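Structure first, commentary second.
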Amino acid sequence: MVHGADFAAAEVVRNRCSSSTREPCGGCHAHPCSGVNLPPQGKAFLLCRNLHKEGAIGAPSGHYSDAEIADTKVKAEALAADVEAEGTVLVRNNDNTLPLAADNKKINVFGWASTAWLGGGSGSGGVSGVNTDLLAALTAYGVAYNTELTDMYKDFQDGREYTRTLSAWPEQSGRLYEPDINNQTYYTQSMLDNAKSFSDTAVVVIGRLAGESNDATKQQYKRTEKGGNIVVDDTRTMLELTTEEESLLNYVGANYAHVVVLINSTNVMELGQIETIPSIDACLIAGLSGSEGATAVPEVLWGDREPSGRTADTWAYDLTTAASYANAGMEGVGKYSAADGLYPADGTTNGNLDTPYPYEQVSYVDYAEGIYIGYKWYETADAEGYWDAESNEHGTGYDAVVQYPFGYGLSYTSFAYSELKADARSVTLTVTNTGSRAGAEIVQVYAAKPDAQIFRPAQELKAFTKVWLEAGESKTVTLPLDDKAFRYWNTKTDSWEVEGGTYELRVGASSADIRLTAAVEVNGTSAPNPYAGKALPHYTSGKVQRVPDAEWETLLGRPIPADTVKIDRNMTLGELNHSRSPLCWLVWAVLTMLLNASYKRGKPNLNVMFQYNMPLRALAKMTSGAISMGMVDGIVLEAKGFWVIGLLKVIVEAVKNIILNAQLESRLRNS
C-alpha cells in the first residue's frame, strides 16, 4: 500500500521477500529530495530532514521554544494522517457499505490484531512506537467500540512476543495469535450476545509482521490458547488467513449487518476468502500507519476522507503463481561449494539473536525471472495465454489468478475517461467524476509494443498522476513522457536504447483496467538486438516460472557465478579483506573489530552490521549524495590493487560530485 501519487516507485526496486513477488522493503530508506512538488510522504521526509538540519530535533535545549516544538508536532501528526488517508486502498465495497453512516458510532472490533496495531515493519522499515493505534483513533473520532471484546484479546495475549525481526527467528516474529470463535473459554455466549446487542457493525482486523532479515514462513506458527504451546499448521503459509481468522470471518458474516475487514500488514497476502465468505461487505488495506497515522483510518471509514491509495503490487489468490516463487525462500537459496573461509562462512557470526551463531555457508539467490516481476509477470503471462486453463471459484483465466491487480483501488465515487490524445512525448485526456461526491482518481499510462523484437513485459507503467475532482467535474490532464518511456537496457551496447516502431499507450485505472488506447510512432536508436541468435524461449514468451540453468546462463552471457569473491561494485565492505589494497584491509579490520566488540558486549551494533554487509555500490545510494558512483569506481580500482590510480579517481570524482551537488541544490532552490 503506497500513496496514490507515488505508488509506482515501489515496483522499481525490490528486495527478496517472503511473498515471492519481490515486494519492496517497508520504507527502508528515504531519498534526500528537496520536497518540490512531492507527494505527502516526500514532504513528510523533508519536514523531518529539515528539522534535523535546523536543529529542532536533537538541538541544544532552548534552540526552539516549547510553543514552536508543539506547533511542529501538531503539523507533523496532521501530515502523517494525510499520508495514511491518501494511502489507504479500498479493495472491496459491496452495496456501498463504506463509508459507514454518520450516526453509526458504535462498532465491534474483532480480531486479536486490533490490539496489536502495526505502525511499521522491522529493521529499517520499523517505527520506534505506535502512539496512536486503531482503538485510540476510534475513541478520538468519537466512536465507541466494544471493550469486552478488546479486553478479552488483551488478556488472551498482551502484545506480540517478538516485535523486531532482526532479533528473532522467522517463526518467532511471524507468530500468529487468535482464539477460535467457537472456543467458549474466550468467546463466551454472553459475550457474543452482548456484542450483537452493542452494534450491528463488525470491523475485523487482520495483521501480519515480517521485515528485514526474516522471510515470512511457509508454515503458520500460531497461539490459539492463552499461554498454550505454539501450534504449527503445515498446510498454510503465514501470508494466508489462519483457520481461526477464517472461522471468525464466517461468524461475523453470518451475524452482522455490516462487516468491514481491515488489513494491517507488512506484506501482500492471499485473501480469497474475502470474496467467498458470504456477507463480507468491505475490505480496506490500511497498510502501516506509522506512529500517528492511524488517526485517519476512522476518517476514511466514515467518509470524511477519500481512500485514494492504489496497490503497489499484484495481490494474487495464490502466491506460488509469482514468477519469482521458485527462486524464493529456502528452496531458492543456493550454497556455493568449496566456499569455506569465504565471507560469511569465515567465522562471521550472526549477532541478531540472543545467542550469536556462525554462518554455515556462502549463499546465493538466482533472480532468474529477470524483468518479469510483479505486474510485469502477471500481465505478460495473461497476454501469452498462460492463465487460460485456470478456473476456480473466483473466475477463469486471469481472474482466477489475480485478486487485486497492480494499481488497483476503489473510490467512494466513480470516474470516466475520454478524449485521449497522445504522441511520443505526452498523453492528454479528460477525466470526469461521474459520482455524487468529490474524490481522487489515479490515472495510469502503460506502454506496450506487441510486435517487439526485444523481449519485454506486455506493458510497463510509464506515467501516472492524481486528479482531484468535485462531483460532476471534468478536467483535462496531460501526462508527460520522458526519455525513459520507451527505452530498454541493451547488454551488447552497454547502454539504454530504444526499439523503434509503433507503441500502444494504454490509459487506465490499474494494470488490468485499461480504458483508452492510442498508437504512437517512436524513433529508435537502431541498436543491434542483444539476444539475436540466442535460444531464450522462456524469456521471449514470458513463461519464466521455471527457467533451466542453461537458459539462465545464456541470458547472463556467462556461467552462473562461481564460488569466488569478485572485486567489483557488488563486493561488500565485509569482503574487503579479499582485496589487494592495504587501505581496504584497514577498513575491513576496523569494521570487524567494531562488530566483534559489540558481539562481546551482548548487544550487536546493527549499524556496523549493516555497513559490514553493504556492497560498495550502496555507498553511492546511502550517503545522501556525499559519495558518487564514480567515486565508488575509484574505490574498486583501489581494491583491485591500482592504488595511485584508484585514489586519484576518487579525488577527481569527489570534486566533480561537489560541483554537481551544488548545481543541483541551486536548481532545486530556484524551482
Inset, instruction - Test Val652 against the stated conditions and say whether it is at pLDDT 90 or above and not small (Gly, Ala, Ser). - result: yes
Inset, instruction - Report, ordered by the first and then the second residue, all pairs with beta carbons closer than 8 Å, sequence separation of six or more or different chains, a first member in segment 197-225 that is over 21 Å from Val109 (Cβ atoms) and part of a strand (DSSP E or B), and a second member that is of a type in the set (Lys, Arg) and open to solvent by 30 Å² or more (accessible area, probe 1.4 Å). - result: Gly211/Arg164; Gln220/Arg236; Tyr221/Arg175
Legend entry - Scan of segment 119-134 for residues that are farther than 22 Å from Leu606 by Cα and either hydroxyl-bearing (Ser, Thr, Tyr) or part of a loop (DSSP other than H, G, I, E, B) (or both), ordered by number: Asn131, Thr132, Asp133
Inset, instruction - Might you check whether a residue that is open to solvent by 50 Å² or more (accessible area, probe 1.4 Å), in contact with a Phe, Trp or Tyr (Cβ under 9 Å, 6 or more places away or on another chain) and in a helix (DSSP H, G or I) occurs anywhere in segment 88-102? - result: yes
Inset, instruction - Looking for whichever is modelled with pLDDT of 90 or more, part of a loop (DSSP other than H, G, I, E, B) and open to solvent by 30 Å² or more (accessible area, probe 1.4 Å) here; the options are Ala519, Ala532. Which one fits? - result: Ala532
Inset, instruction - Could you tell me whether any residue of segment 70-79 is in a helix (DSSP H, G or I) and in contact with a Gly (Cβ under 8 Å, 6 or more places away or on another chain)? - result: no
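Results for (1) farther than 30 Å from Tyr364 by Cβ; (2) aliphatic (A, V, I, L, M); (3) at pLDDT 90 or above; (4) in contact with a strand residue (DSSP E or B) (Cβ under 7 Å, 6 or more places away or on another chain), shown as yes or no for each residue.
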residue: Val590; (1), (2), (3), (4): no, yes, yes, no
residue: Asn596; (1), (2), (3), (4): no, no, no, no
residue: Arg601; (1), (2), (3), (4): yes, no, no, no
residue: Asn613; (1), (2), (3), (4): no, no, no, yes
residue: Ser628; (1), (2), (3), (4): no, no, yes, no
residue: Leu647; (1), (2), (3), (4): yes, yes, yes, no
residue: Ser666; (1), (2), (3), (4): yes, no, no, no
residue: Arg669; (1), (2), (3), (4): yes, no, no, no
Legend entry - Pairs with Cβ under 8 Å, 6+ apart, first in segment 654-669 and in contact (Cβ under 8 Å) with a residue 12 or more places away in the chain, second open to solvent by less than 100 Å² (accessible area, probe 1.4 Å) and hydrophobic (A, V, I, L, M, F, W, C): Ala654/Met631; Asn657/Ala626; Asn657/Ile627; Asn657/Met631; Leu668/Val36
Legend entry - Residue that is open to solvent by 30 Å² or more (accessible area, probe 1.4 Å), in contact (Cβ under 8 Å) with a residue 60 or more places away in the chain, farther than 30 Å from Arg164 by Cα and among the aromatic types (Phe, Trp, Tyr), where the choices are Trp643, Trp585: Trp643
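Can you name the residue in segment 463-484 that is in contact with a Lys or Arg (Cβ under 8 Å, 6 or more places away or on another chain) and closer than 20 Å to Ser308 by Cβ and is also surrounded by the fewest Cβ atoms within 10 Å (Cβ to Cβ) among such residues? Walk me through it before giving the result.
Filtering segment 463-484 for residues in contact with a Lys or Arg (Cβ under 8 Å, 6 or more places away or on another chain) gives 467, 469, 471, 480-481, 484.
Subset that is closer than 20 Å to Ser308 by Cβ: 467, 469, 471.
Working: Val467: 19, Leu469: 19, Ala471: 12.
Among those that are in contact with a Lys or Arg (Cβ under 8 Å, 6 or more places away or on another chain) and closer than 20 Å to Ser308 by Cβ, it is Ala471.
For (1) open to solvent by less than 50 Å² (accessible area, probe 1.4 Å); (2) part of a strand (DSSP E or B); (3) farther than 22 Å from Tyr408 by Cβ, each residue gets a yes or a no:
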position	(1), (2), (3)
Glu244	yes, no, yes
Val260	yes, yes, no
Ile274	yes, no, no
Ser279	no, no, yes
Inset, instruction - For residues that are out of contact with any Gly (no Cβ under 7 Å at 6 or more places or on another chain) and among the aliphatic types (A, V, I, L, M), scanning just segment 373-417, find the one that is modelled with the lowest pLDDT. - result: Ile373
Legend entry - Filter result (in a helix (DSSP H, G or I) and under 23 Å from Ala296 (Cβ atoms)) within segment 135-148: Leu135, Ala136, Ala137, Leu138, Thr139, Ala140, Tyr141, Thr147
Inset, instruction - Go through segment 562-578 residue by residue and tally those that are modelled with pLDDT under 85 and either more than 30 Å from Ala589 (Cα to Cα) or open to solvent by less than 70 Å² (accessible area, probe 1.4 Å) (or both). - result: 3
Inset, instruction - Please work out which one of (1) at pLDDT 95 or above; (2) closer than 22 Å to Asp234 by Cα; (3) surrounded by fewer than 21 Cβ atoms within 10 Å (Cβ to Cβ) is the condition Lys218 fails and give its number. - result: (1)
Inset, instruction - Looking only at segment 406-453, count how many residues are within 20 Å of Tyr386 (Cβ to Cβ), in contact (Cβ under 8 Å) with a residue 60 or more places away in the chain and either assigned to a strand (DSSP E or B) or of a type outside the set (Phe, Trp, Tyr) (or both). - result: 1
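Check Glu473, Glu393 and return the single one that is acidic (Asp, Glu) and closer than 30 Å to Glu299 by Cβ. Explain how you work it out, then say what you get.
Values: Glu393 fails: closer than 30 Å to Glu299 by Cβ.
Answer to the selection: Glu473.
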Legend entry - Matching residues in segment 290-320 - criterion: being open to solvent by less than 10 Å² (accessible area, probe 1.4 Å) and part of a loop (DSSP other than H, G, I, E, B): Pro307, Ser308, Gly309, Thr311, Ala312, Asp313, Thr314
Legend entry - Residue in segment 262-271 that is farthest from Tyr325 (Cα to Cα), counting only those that are in contact with an Asp or Glu (Cβ under 9 Å, 6 or more places away or on another chain) and open to solvent by 10 Å² or more (accessible area, probe 1.4 Å): Thr266
Legend entry - Where a residue in segment 563-574 is over 17 Å from Met629 (Cβ atoms) and small (Gly, Ala, Ser) and its partner, wherever it lies, is at pLDDT 85 or above and not in a loop (DSSP other than H, G, I, E, B), with Cβ under 6 Å and at least six apart: Gly574/Tyr612
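Only one residue in Thr380, Thr434, Thr413, Thr430 is farther than 30 Å from Trp302 by Cα and either of a type outside the set (Phe, Trp, Tyr) or crowded, with 19+ Cβ neighbours inside 10 Å (or both), so which one is that? First the steps, then the outcome.
Details: Thr434 fails: farther than 30 Å from Trp302 by Cα; Thr413 fails: farther than 30 Å from Trp302 by Cα; Thr430 fails: farther than 30 Å from Trp302 by Cα.
Every option except Thr380 fails the conditions.
Quick check: is even one residue across segment 112-127 closer than 16 Å to Thr266 by Cα and open to solvent by 40 Å² or more (accessible area, probe 1.4 Å)? Show your work before the answer.
Within segment 112-127, the subset closer than 16 Å to Thr266 by Cα is 113-114, 116-127.
Filter once more, keeping what is open to solvent by 40 Å² or more (accessible area, probe 1.4 Å): 124, 127.
So far as segment 112-127 goes, yes, one or more of its residues are closer than 16 Å to Thr266 by Cα and open to solvent by 40 Å² or more (accessible area, probe 1.4 Å).
The values are calculated or read from the model by the stated rules, or taken from the named source; none is laboratory data. Not measured: the values here are computed from a predicted model. Heads up, the Cβs are rebuilt from the backbone with ideal geometry, glycines too, and the neighbour counts pull from every protein chain shown. All accessible areas refer to the heavy atoms of the entire protein, side chains included, with ligands and DNA or RNA removed. Shrake-Rupley method; radii C 1.70, N 1.55, O 1.52, S 1.80 Å.
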